[in-house]
Each structure stands twice: as structure tokens, then as C-alpha cells.
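Peer 1: First the structure, then my questions, so here it is.
The values are calculated or read from the model by the stated rules, or taken from the named source; none is laboratory data. Please read all numbers here as calculations on a predicted model, not as lab measurements. Note that each Cβ is placed from the backbone with ideal geometry, even for glycine, and that neighbours are counted across all protein chains shown. Remember, those area values only see protein heavy atoms, side chains included, never the ligands or the DNA or RNA. Shrake-Rupley method; radii C 1.70, N 1.55, O 1.52, S 1.80 Å.
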Amino acid sequence: MASTVADKRSGYGQLLRTPGAWTFLLPGFAARLPFAMLTIGIVLLVQDTTGSYGQAGAVAAVTGVSMALFAPQSGKLADRFGQRAVLVPGVIVHALAGSALVVLALSGAPLWALFAAAVPTGASVPQVGPMVRARWAARLQGSPLLQTAAAFESVTDEFTFVVGPVLATALCTGVHPAAGLVAEAGLTLVGGLLFAARRGTQPAHGRPAGTGRGRTSALSVPGVRVLAVAFLGIGSVFGGMQVSLTAFSEEIGQPGVNGLLYGLFAAGNMLAGVAIGTIAWKVGPRRRLLVGYALLTAAASLLWTAQSAALLGALGLVVGLCIAPTLITGYTLVDSLVPATARTEAFTWLTGAVALGQAAGVTAAGRLADGYGSSAGFVVPLAGTALALVTLMALRSRLSPSAGGRVAARGIGHRAAVTVD
């Protein structure tokens, strides 16, 4: 439901008064919290059973790649058949696959068996974040609150990444190495089913009129492909940080500090997201994305220099502060680039890109940490963001809607009146 034209405020208070918002926000949070526990839960469990960060990172990477490959298909199916039809079987499969991964790891199964279990675990990760964003977009069509909603969702995501890794680390180090992953599977099942039950706020679904059988992927929009590269770089920060912070904590003999360090990183992201949602921007989202990404790359370039937990926590906080502007702006640009009938899919492409970048970051950082120590692992966020920044600068023109504001993806289109520069 769009806001009235007369109401020009765009604060969080007004956003949260949107009719029906709380009916999907609370179960949506419960369903997306476990995702923040998944990678660190796998890393801590597999590292404990194998003694190798490289193997732990590789298993987590397979999970991330599997998610990245299957997430857009999940989004496309949700656009076509509805979110509930995708969520219910998905969370059941995820809980079973995650449980199988735990059993195999604890039984000392070979690495290939862990990979085999990691594939369905990642493929079935419920795409709750994109589904919540799609519900906001459907209810706020044409409203200035869309930017606020994008910021709110980034804050929510990062709040889960403050709570999730700390919770998973506490469970793995204080209860049992498998406790974090077991909790992730159980919470995904319960939270996902609760969210799926909220059918009244689902976006409209089904093949749009006049598109026939020729409807293609949101990835056919050039701007979405550019944003996917940007989100790959952000994923490399998440993956590189998770493994390298774990390795650093082990090196200094304080494994429990890992959750605190990652929590500071995520807290920076959350705080920046809160601030961004209160600003009435006069600079277009494309320019904000380029500036924000340059700052993120500069901040990531300092991580490898940290020699103390205090300095690393401070640098992690700064990196987190720089991530929120890029994520929020990227998601905001989707609304101007992609038609409503492919919006959930577009969001899942970006979420999948983060997962793929995270998988690559976990793998690379794990191998570097095994061979050269945690400082080498922190080079991964720098390399990932630097490569993505070069791509963004070279292809920035593709982040504008085509002439006349028309967004097209081979047979599907709508108009968006936005400022993009």
C-alpha cells in the first residue's frame, strides 16, 4: 500500500505504521536469523572435527555456492507460484540436510561426504530477506518510503549478523561444536514455517499478462549484472572476515573473542544502516554506490595490518560502517531497474551474489590462514572489493534505467520515476 502524496515524511516510524507490516516483519526476522549462523556454524564444526581451516572453509564455500546457484531459481518460483509454495518444502529440506551435515562431520566422514551434504544445505536456504523486501516493495509502490524500507532491511540483516554469529559461537564453544549448526537448522524450520503462514501480505504472483512463455530472468537486465558483481565483492568481505577473525582469535589464544569481533563488524553495518534510513538524499543512488564502494575498499585495505584484538575490532567496525551504504543503495537501485514481476528474483540474484562472494572469500581466506596466518586471510576482503570497484566504475552507465525510465527484461516492463545519478 503506497503512502499518500501529501505525506512526505520518510522516517522509520511512518514505515512501521504501514498497514500489515508487523505481520510479516516479526516472523520474517525469526526466519532470517538462522542464516547468520550458518557459515560460522559450519566453519567451527568442521574445523573442530578436521583441524583444518582450509577444509572448514571449503565445506562452507560449497554451501555458499549452492545457495548462490539455487537462490535465484527460488526467487523466480516465488514470483510465479507464491512465497509459501517455495518456503514450506524448502525449510523442511534445509533442516534435514543440515542435520545430515552435522551427523557426517561428527562421525568423521570424508571431505567428499561433507561436500555432498553441503550442497542441499545451501540450495535449500530460505530466501526470507528477498521475500520481505518484495513484500515491502509491493506495499510501498511509488512511495518515498522505499528508500527507508531498504535501509530498514539492511539494519535488520545486520542485526541478525550481530546476534547470529555471537549465538553460534557461544553454542559451539560453550555447549558443543555441533550446537550452532543444530540450532540453525531448528530455527530455520520453525521461523520459516511461521513466515510462510503470513499469506495475507504476499506479493501478487503468477505469470504477468502479455508475457506468454518468453519471460526471462531478471539477470537479463544489465544493471542487475553489474550490481551482482558489486555484491560479490561485499560477499568476499563477509567470508574473509568470518574465517580470518576465527583464525586470529585462535592465534591470540582467545577463541571466544571471535563472536565479539564479528559482532563489532556487523554492528558498524547496522549503525550505518540506521543513519542512512533517516537521511533525505539529494545525491542519486548511482553516485552514492560508487562513493560508498570506494570507501569500503579503502577501509578493507587496512584489515591485514591489525596486530591486536582492539585495533582489529575498531577496523572491523569501520568496514561495517562502509558496507551498509553500498548494500542499501544496491537494493534501492533494483526498484528502478527491474519490473515488479521479477523483483523477488532480482533480490535473490543479489543475495546469491553475496553468498557466492562469501563462499569464495571463505575458501581463499581459509587456505591463506592455514598457510600464512590470519593476516594473509584479511587480504581477501581487499582483493574482492577492489576488483568489484573497478568493474563498477567501468560499467556505471548500466546502473541507469533505459531511455524514458522504462525497465525491460525481454518482454516485461514498467516505468520508474527516479533519480539515478
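Peer 1: Note down the magnitude of the dipole of the chain about its Cα centre, charges +1 on Lys and Arg C-beta and -1 on Asp and Glu C-beta and zero elsewhere, to the nearest 20 debye. Mind showing how you got there, number by number?
Peer 2: On the way: 27 positive and 13 negative charges, 408 e Å.
With only Lys, Arg, Asp and Glu charged at Cβ, the dipole is about 1960 debye.
Peer 1: State in Å² the accessible area per residue of the chain; use a 1.4 Å probe, count heavy atoms of protein chains only, and round to the nearest integer. Write out the running numbers ahead of the final one.
Peer 2: Details: 15920 Å² over 421 residues.
Spelled out: the 1.4 Å probe surface of the chain, per residue, equals 38 Å².
Peer 1: Something else about it: Going by a ≥ b ≥ c, the root eigenvalues of the Cα gyration tensor, does segment 34-80 fall in the rounded group (a/c under 1.5), the prolate group (a/b larger than b/c) or the oblate group? Walk me through the intermediate numbers first.
Peer 2: Working: a/c = 5.42, a/b = 2.62, b/c = 2.07.
Since a/c reaches 1.5 and a/b is larger than b/c, the shape of segment 34-80 is classed as prolate.
Peer 1: Then there is this: Computed over the Cα atoms, what is the radius of gyration of segment 283-360 divided by 2.2 N^0.38 Å, N being its residue count?
Peer 2: 1.31
Peer 1: Also: Hey, if we sort E184, E251 by accessible area with the 1.4 Å probe, largest down, what's the order?
Peer 2: Solvent-accessible surface, decreasing: E251, E184.
Peer 1: Specify the residue with the greatest mean-square fluctuation among L33, L187, L350, computed from a Gaussian network of the chain linking alpha-carbon atoms under 10 Å apart.
Peer 2: Comparing L33, L187, L350 in a Gaussian network model of the chain, the most mobile one is L187.
Peer 1: Once the Cβ-Cβ distance between L219 and R287 is put in as r, and R0 is 22 Å, what FRET efficiency do you end up with, to the nearest 0.05? All intermediate terms of the calculation are to be shown ahead of the outcome.
Peer 2: Numbers: r = 24 Å, r/R0 = 1.10.
Taking R0 as 22 Å, the efficiency between L219 and R287 is 0.35.
Peer 1: Which value in deg cm²/dmol, rounded to the nearest 500, describes the helix-derived mean residue ellipticity at 222 nm for the chain, given -39,500 (n - 2.57) per DSSP H run of n ≥ 4 and division by the residue count?
Peer 2: -24500 deg cm²/dmol
Peer 1: Ranking request for peptides 95-107, 258-270: highest mean number of other beta-carbon atoms within 10 Å first, then the rest in descending order. Before the final figure, lay out the partial values.
Peer 2: Details: 95-107: 19.7, 258-270: 24.4.
Ranking, from highest mean packing down: 258-270, 95-107.
Peer 1: Over segment 266-391, what percent of the accessible surface lies on carbon and sulfur atoms, probe 1.4 Å? Show your work: numbers first, answer last.
Peer 2: Details: 3210 of 4320 Å².
Carbon and sulfur together cover 74 percent of it.
Peer 1: If you don't mind, there's one more thing I want to ask. Taking trypsin sites (Lys or Arg not before Pro) as candidate sites, keep only those in a DSSP loop with at most 12 other Cβ atoms within 10 Å, then name the longest stretch of the chain containing none of them.
Peer 2: Numbers: sites that count: K8, R9, R17, R213, K282, R410.
Here the longest run is 18-212.
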